[in-house]
Amino acid sequence: MEITLNHFLIVSAILFALGIFAIITRKNAIMVLIGLELVLNSANINFIAFSRFGGLNFEGHIAAIFVIVLAAAEVAVALAIILNIYQNYRHIRADEISELMK
């Protein structure tokens, strides 16, 4: 059995659905970030799959590397914000925070 583009798209769709589900249903800010990472990884799978099955060019690989760098920067900033929220409120429930500083 050969792995085709459909296999990659199915895995990517499952990851995307799980990521959106985690973003919508979780109250913990860390879990929301994990859901966002799942969504970004599903986009990376799509970039690589379409690059491989669309003509062996490297534009998809470059886009995936750019998304990985963007995700690393997003995690660094988001974790700094979450630490600031915890320092001020002693919890990280994202739905109960109306302002960052008291």
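The values are calculated or read from the model by the stated rules, or taken from the named source; none is laboratory data. For clarity, every value in this text was computed on a predicted model and none was experimentally measured. Neighbour counts run over all protein chains shown; Cβ positions are idealised from the backbone, glycine included. These area figures cover heavy atoms from the full protein model, side chains too; ligands, DNA and RNA do not enter into them. Shrake-Rupley method; radii C 1.70, N 1.55, O 1.52, S 1.80 Å.
Go ahead and run the numbers for FRET between residue 81 and residue 27, Cβ-Cβ distance against an R0 of 22 Å, rounding to 0.05.
Plugging the Cβ-Cβ distance into 1/(1 + (r/R0)^6) gives 0.90.
Count neighbours as other Cβ atoms within 10 Å of each site's Cβ, and list the trypsin sites (Lys or Arg not before Pro) in the stretch 3-99 that are DSSP loop with at most 10 such neighbours. Show your work: numbers first, answer last.
Working: sites: 26, 27, 52, 90, 93; in loops: 26, 27, 90.
Sparse-neighbourhood loop trypsin sites (Lys or Arg not before Pro): 90.
Rg/Rh, computed from the Cα trace of the chain with Rh as the Kirkwood radius, has the value 1.12.
Only loop residues by DSSP count here, and only those with at most 14 other Cβ atoms within 10 Å; note down the chymotrypsin sites (Phe, Trp or Tyr not before Pro) in the stretch 14-102 that meet that. Let's see the in-between values first.
Details: sites: 16, 21, 47, 50, 53, 58, 66, 86, 89; in loops: 58.
Sites meeting the loop and neighbour criteria: 58.
In this simple spin-label model, placing a label point 7 Å from the Cα along the Cα-to-Cβ direction at both residue 9 and residue 58 gives a separation of 2.7 nm.
In the elastic network of the chain, a GNM with C-alpha springs shorter than 10 Å, the most mobile of 18, 40, 83 is 83.
Please identify every one of the GluC sites (Glu not before Pro) in the stretch 15-102 that sits in a loop by DSSP and has no more than 11 other beta carbons within 10 Å of its own beta carbon. Kindly include the intermediate steps, with their values, before the conclusion.
Working: sites: 37, 59, 74, 96, 99; in loops: 99.
For GluC sites (Glu not before Pro) across the stretch 15-102 that sit outside H, G, I, E and B with at most 11 neighbouring Cβ atoms in 10 Å, the list reads 99.
Using a Gaussian network model of the chain in which every pair of alpha carbons under 10 angstrom is joined by a spring, one finds that among 22, 80, 13 the greatest mean-square fluctuation is at 80.
The distance between label points at residue 48 and residue 74 comes to 1.7 nm (points 7 Å beyond Cα on the Cα→Cβ vector).
The angle separating the long axis of helix 5-25 from the principal Cα axis of greatest extent in the chain is about 10 degrees.
With contacts taken as Cα pairs under 8 Å at a separation of at least 6 residues, the chain carries a relative contact order of 26 percent.
For the chain, the 222 nm mean residue ellipticity estimated from helices alone, with every DSSP H stretch of n ≥ 4 adding -39500 (n - 2.57) and the total spread over all residues, rounds to -27000 deg cm²/dmol. Surface composition of the chain: carbon and sulfur atoms hold 72% of the protein heavy-atom accessible area at a 1.4 Å probe.
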